[in-house]
Structures are given as C-alpha cells and as structure tokens.
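As structure tokens, the structure follows; a few thoughts come after it.
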Amino acid sequence: MPDRDPQTPSTTNAPVDDLVLAALERASRHQAREDPAVPTWTILEHLALPRRSGAARHVGARLIAMHTAGLIERSRRHGIPTWLLTSKGQRRLRRVRRAGELPQLPESPQHCAWRFARIAAGLEIERFRAELAAHVHQTQKLLDSQEHPHSDAWLVLAEQLQRACRRLASASYCLFEWVEPDDAHADVDERLEPTDEGLDPDERAHRRARRTGRRNVRMWNEQR
C-alpha cells in the first residue's frame, strides 16, 4: 500500500495544509493586538472547525509538522502555544494563490459576528422600540400622577429606561451603522465617529465610553 500523502487529511472534512496556512494568515491579520501570533483555537475558528473534533486534532498535528518544515514558527503567550507564518510559509501561500490552487476559507469570525448582529437587530429592533415606548409611557404616568410617587419608583424606572435605551442604541448601531467588515484587516470597534473631530477632548472621551459594548448582542438579554 502506498504511503499516505502527508497533506492528505486522514479525517473526514479535515483541511489541507495550504488552507490551514491561509487560516493562520487571516487569523493573524484579524488579531486585535500588536502580537500577530495566534493560538490553535483561533485558527480552528477561521476554519469553522469544532475544537473537539477529529478535524481539529488533524490541524493540531499538521501545525506541528509545518513547524518542523519551517513554514510556521511557534511561541507561547501565557503558557499557551501560538503560531505565526514564517517567510517560507508566506512564500508558499503566495505561490499557491498565484496558481489558483488555494481552497476558499469559510466565512471569517468577524464577518460572521457582523452578519449575526445585523440579522438579530433586524428581528428585534421593533420590539426594543415598543418596550422603550412602554417605559416612556410609564414615565409620563408618574409625572402626571396627582400623588407623589415613591422615590423607589423613579429609581426602578431609571434602570429600566437605561437598559431599554442602551439595547435600542446597540440594535440601531448593528443594523444601520456597523459597516460590513473587510477581511483585509481586523474589524475593531474603535468607538469613534467622523463627527467626533469637532468635539472637545472631554466630550469625545465621554462619547467613546458610552459606546462601549454597542456590538455586544449578548447584553440584549441581560436583566441587570
């Protein structure tokens, strides 16, 4: 029986080496830090592979083999192995791209996050508007009351209004303002807008602080 090609996946749906290198390259490019080296789990995300799968184990083995071949370098961050393309690995990727032999990568995690947030915002924004309108109506009822509402009523309403406003602001940003990411670079929310240039430094800082978490759709379900 002939020997198995070292790049031939031994596990169903396991990616070939060139695709692993491309995933490593894109993961490094999308790193939101100065150090472009990335851990194995990040490479698996760019390959759309579950961490606990035969294909993931195959990738781990191929990373070690490609390190031995000089295509990638290995380092550690907080005790976790990280990987980075060497110049030899970069030349190999350029060569297979020019030849049209590089398989297409799955959707990148950052584009997937944008797409999911946009879909979720489209589905939820009218409900968020209605809930905020209900809180505003309750506010008006308290203001119109002939009696003096207890201070706790105002404090509870303040929390409800803040949550409702922040949730609607986040959905509005995800649906109308978050520009579709380009995989040529990392999509990091710097929390800046073109109109900020005309603001004084303190107000600019306040606005950036308020925009924290506006892409975090998980906060939409938080009760506190």
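The values are calculated or read from the model by the stated rules, or taken from the named source; none is laboratory data. Remember, predicted model here, so these are calculated numbers, not experimental data. Counting neighbours? That spans all protein chains shown, and the Cβs are built from the backbone with ideal geometry, glycine included.
Starting from residues that are assigned to a helix (DSSP H, G or I) and either under 17 Å from Cys165 (Cα atoms) or in contact (Cβ under 8 Å) with a residue 24 or more places away in the chain (or both), keep the ones in the stretch 191-216 and report whichever is farthest from the chain's Cα centre (by Cα). So the residue we want is His206.
For beta carbons closer than 7 Å, sequence separation of 6+ or different chains, a first residue in the stretch 108-130 that is outside the structural domain of Ala48 (by TED's automatic domain parsing) and touching a residue at least 40 places away in the same chain (Cβ under 8 Å) and a second that is loosely packed, with under 14 Cβ neighbours inside 10 Å and not hydroxyl-bearing (Ser, Thr, Tyr), the qualifying pairs are Trp114/Glu180. Going residue by residue through the stretch 206-217, is there one that turns out to be of a type in the set (Gly, Ala, Ser) and surrounded by 12 or more Cβ atoms within 10 Å (Cβ to Cβ)? Within the stretch 206-217 (the criterion being of a type in the set (Gly, Ala, Ser) and surrounded by 12 or more Cβ atoms within 10 Å (Cβ to Cβ)), the answer is yes, since at least one residue qualifies.
Among the candidates Leu49, Leu63, Leu44, the residue that is part of a helix (DSSP H, G or I), under 17 Å from Glu107 (Cα atoms) and either modelled with pLDDT of 95 or more or among the aliphatic types (A, V, I, L, M) (or both) is uniquely Leu44.
Taking the options Ile125, Ile80, Ile64, Ile43, name whichever one is within 23 Å of the chain's Cα centre (by Cα) and loosely packed, with under 15 Cβ neighbours inside 10 Å. Full working, then the answer.
Numbers: Ile125 fails: loosely packed, with under 15 Cβ neighbours inside 10 Å; Ile64 fails: within 23 Å of the chain's Cα centre (by Cα); Ile43 fails: loosely packed, with under 15 Cβ neighbours inside 10 Å.
Of the residues listed, the single one that is within 23 Å of the chain's Cα centre (by Cα) and loosely packed, with under 15 Cβ neighbours inside 10 Å is Ile80.
Here the condition is being within 21 Å of Gln31 (Cβ to Cβ), of a type in the set (Lys, Arg) and without any contact (Cβ under 8 Å) to a residue 12 or more places away in the chain; of Arg98, Arg77, Arg94, it holds for Arg94 alone.
Identify, please: which residue in the stretch 143-177 is free of Cβ contacts under 8 Å to residues at least 40 places away in the same chain and of a type in the set (Gly, Ala, Ser) and is, among those, surrounded by the fewest Cβ atoms within 10 Å (Cβ to Cβ)? Top of the filtered list is Ser151.
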